[in-house]
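K.L.:
Mind having a look at this structure? Questions to follow.
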Amino acid sequence: MMAESSPDKTRTVADIMSRPVVTVSPDDKMAEAAATMREHRVGSVVAVDQLRPVGILTERDLVRFTASGGDAGAAVVSEWMTAAPDSVGPDVDVVAAFASLSEHGYRHIPVVEADELVGIVSMRDLMRIAQIQPAENLAHEIPRGLEGVVVAETDIGDVRGLEGFYHYRQYSAVDLAESRTLEDVWHLMFEGTLPSLAERAEFAARVAPLRAIPAPVAAALPEVARLGTDAPPLDMLRTTISLLGAHLGFRPSLDVDAAQLRQDAMRVCAVVPTFLTAIHRIQHGLEPIEPDPELAYAANYLYMLTGTVPEPDHARAVEQYLISTIDHGFNASTFTARVITSTGADLAAAVVGAIGALSGPLHGGAPSRALDMLDAIGTLDNAEPWLRAAVDRGDRLMGFGHRVYKTDDPRSVMLRGVAERLGGPNVELAEQIEAKAIEVLAELKPGRRLYTNVEFYAGIVMDRCGLPREMFTPTFASSRVIGWCAHILEQAADNRLIRPSAQYVGPPPPQSVPPIS
Ligand SMILES: CC(C)(COP(=O)(O)OP(=O)(O)OC[C@H]1O[C@@H](n2cnc3c(N)ncnc32)[C@H](O)[C@@H]1OP(=O)(O)O)[C@@H](O)C(=O)NCCC(=O)NCCS
């Protein structure tokens, strides 16, 4: 066990690498390589010629391949792998290997000795070991913003930032968004499995009546909205979730069993879209619209907002966006929800806290700002001077950069495809501005690895589907609440109070308390 090893002992790559390595031939078909990865449950395979590694094929490459619509029975590994991959020697010190891998942004790296493949080491293995330090150093070692710090175990999902890949349970989230309904993915997040056709119908029937706002809470909404006519809908949502929890008598998660907590979670997830659309309509002097039990989640959301049943391609585009934003590792709002749940507080309290965290522009508040930026730039000719001036001033380009992704955000790749499918006047200009922004950031912020994040095309897609800008972040909340609740259920099921420490850096105590003068 790592914890038992002496801190003085240098650990080498050979100590932690996996072997034997799962390999393929560069001439294998992509379908065979994908089957090999599935069968061995690995995130990458090394392509070898004799014993010499000639390429590496990762899940990320599979995602790119699937997105390209290629024929897996015809395309071969050599066309999609990274050829001539860098490698590491078995005797290299783990901490040095970690530093070098993270600098290059690799996720897996073959271990090679005398030109022969002898193992493979993953970034995750290295990170785990490289971060184990003697306890007295820990206070100095924790990175600002907790970047990269592992704070819990979860089987809900994960983000592999260096690869540009994320997943819900064991499925690629992008694949789910391409092929499943939102309700299917909600079922996956709560129950741990994708539903059968019968389970899908049963789940939809269970959700439909939960969409309605309880009458006494609905009666209070106009008054709540009147008090904050210009308040962002997300702020009003915090208030309505508090009212709902109080009205339904949500009890501390510490005092209720898992079945009750799940019921509370179902209720909150089902009613959030109804709250948001009702708030928006009341703020605009319109009557709220009752949910339509015949409509699926996204179509019903657009219907409750506009009063018109949406065109199927708009409903599907919004549904894909919603699926792609349900969960995303230990982001700030999810972590907030788990911290609050860890105190044993009720589910409404945890969701209200998470909404607060999501509302900040560095987290969920960016898509409308990204669209504002496109409007401000206006033309391709204006893009470069505008972007340069903004970065020179120290502004952040909204829709770019990510704490975890140091390559393309797979959500932005998917949403760019959705935007192209929907078409519209903005899309081509957005693509040109995106390319310019990446160029400008690479030049003015070298080494930061800043690429497009989910928010850039989210704004374009939502705008095209008729969602007003002030509803962009609330729409994000309407799907992310499913992820928060999955995490709340997981946290409550195996809880320990989350209570970290801080390093005190003020004047040395104790000093005598001066008399008042
Ligand atoms: C998402 C975000 C908060 C992640 O930030 P982070 O991991 O804390 O990164 P940091 O704030 O440490 O930034 C690192 C460097 O990159 C720069 N940077 C990061 N994102 C940038 C952006 N969008 N535009 C310009 N510069 C950016 C920072 O200025 C900093 O530069 P410096 O080293 O010269 O000071 C950040 O990229 C951002 O503010 N993006 C814009 C808002 C946005 O799109 N939010 C939605 C997120 S899904």
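The values are calculated or read from the model by the stated rules, or taken from the named source; none is laboratory data. From a predicted model like this one, the values you see are computed outputs, not experimental measurements. Glycine gets a Cβ as well: all are built from the backbone with ideal geometry, and neighbour counts include every protein chain shown. Ligands, DNA and RNA are stripped out before the accessible areas are found, and what is left, the full protein with its side chains, is counted by its heavy atoms. Shrake-Rupley method; radii C 1.70, N 1.55, O 1.52, S 1.80 Å.
K.L.:
Looking at segment 198-243, which of its residues are within 27 Å of the chain's Cα centre (by Cα) and of a type in the set (A, V, I, L, M)?
P.N.:
The answer is ALA204, VAL207, ALA208, LEU210, ALA231, LEU234, MET236, LEU237, ILE241.
K.L.:
Now for a different question. Among the residues of segment 18-28, is any modelled with pLDDT under 90, within 29 Å of the chain's Cα centre (by Cα) and surrounded by fewer than 20 Cβ atoms within 10 Å (Cβ to Cβ)?
P.N.:
Within segment 18-28, one or more residues are modelled with pLDDT under 90, within 29 Å of the chain's Cα centre (by Cα) and surrounded by fewer than 20 Cβ atoms within 10 Å (Cβ to Cβ).
K.L.:
Taking the options ARG396, ARG416, name whichever one is more than 26 Å from ALA337 (Cα to Cα), of a type outside the set (Gly, Ala, Ser) and near the ligand (Cβ under 9 Å from one of its atoms).
P.N.:
ARG396
K.L.:
Right, here's the next one. Counting residues that are away from the ligand (no atom under 15 Å from the Cβ), which helices (runs of 4 or more DSSP H) fully inside segment 327-385 reach at least 3?
P.N.:
332-342, 347-358
Condition check ((1) open to solvent by 20 Å² or more (accessible area, probe 1.4 Å); (2) hydroxyl-bearing (Ser, Thr, Tyr)) across all residues:
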position	(1), (2)
THR325	no, yes
HIS328	no, no
ARG338	no, no
THR343	yes, yes
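K.L.:
Now for a separate question. For segment 225-240, which residues satisfy the criterion of being in a helix (DSSP H, G or I) and either open to solvent by 80 Å² or more (accessible area, probe 1.4 Å) or at pLDDT 90 or above (or both)?
P.N.:
Matches in segment 225-240: ARG226, LEU227, PRO233, LEU234, ASP235, MET236, LEU237, ARG238, THR239, THR240.
K.L.:
While we're on this one: When you scan segment 131-192 for helices (runs of 4 or more DSSP H) that lie fully inside it, which ones turn up with 3 or more residues that are open to solvent by 60 Å² or more (accessible area, probe 1.4 Å), of a type in the set (Ser, Thr, Tyr) and modelled with pLDDT of 95 or more?
P.N.:
Ranges flagged: none.
K.L.:
Across segment 241-277, what is the number of residues that are of a type in the set (S, T, N, Q) and either under 22 Å from TYR303 (Cβ atoms) or at pLDDT below 95 (or both)?
P.N.:
Summing the residues that are of a type in the set (S, T, N, Q) and either under 22 Å from TYR303 (Cβ atoms) or at pLDDT below 95 (or both) in segment 241-277 gives 2.
K.L.:
Okay, next question. Out of ASP86, ASP49, report the one residue that is touching a residue at least 12 places away in the same chain (Cβ under 8 Å), open to solvent by 60 Å² or more (accessible area, probe 1.4 Å) and over 28 Å from VAL413 (Cα atoms).
P.N.:
One residue alone meets the criteria, ASP49.
K.L.:
Restricting attention to segment 421-464, and to residues there that are free of Cβ contacts under 8 Å to residues at least 24 places away in the same chain and among the hydrophobic types (A, V, I, L, M, F, W, C), which single residue is farthest from the ligand (Cβ to nearest atom)?
P.N.:
That would be ALA435.
K.L.:
Can you find, within segment 465-506, the residue that is nearest to the ligand (Cβ to nearest atom) among those that are under 26 Å from LEU397 (Cβ atoms) and of a type in the set (Val, Ile, Thr)?
P.N.:
So the residue we want is THR473.
K.L.:
With the checklist (1) under 13 Å from PHE476 (Cβ atoms); (2) under 13 Å from the mean Cα position of the chain (by Cα); (3) of a type in the set (Gly, Ala, Ser) in hand, flag the one item ALA370 doesn't pass.
P.N.:
(2) is the only condition that ALA370 fails.
K.L.:
Still on this structure: Looking for whichever is over 30 Å from GLU191 (Cα atoms) and touching a residue at least 24 places away in the same chain (Cβ under 8 Å) here; the options are LEU467, LEU415. Which one fits?
P.N.:
One residue alone meets the criteria, LEU467.
Yes/no per residue for (1) in a loop (DSSP other than H, G, I, E, B); (2) surrounded by 23 or more Cβ atoms within 10 Å (Cβ to Cβ):
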| position | (1), (2) |
| --- | --- |
| ALA278 | no, yes |
| ARG281 | no, no |
| GLY285 | yes, no |
| ILE289 | yes, no |
| PRO293 | yes, no |
| ALA298 | no, yes |
| VAL309 | yes, no |
| ASP313 | no, no |
| LEU322 | no, yes |
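K.L.:
Going through segment 57-78 one residue at a time, which ones are open to solvent by 50 Å² or more (accessible area, probe 1.4 Å), closer than 20 Å to PHE165 by Cα and either in contact with a Cys (Cβ under 9 Å, 6 or more places away or on another chain) or assigned to a helix (DSSP H, G or I) (or both)?
P.N.:
ARG64, THR66, ALA67, SER68
K.L.:
So, ASP408, is that one more than 9 Å from the ligand (Cβ to nearest atom), exposed (fewer than 15 other Cβ atoms within 10 Å of the Cβ) and over 18 Å from ARG369 (Cα atoms) or not?
P.N.:
No; evaluated as a whole, the condition is false for this residue.
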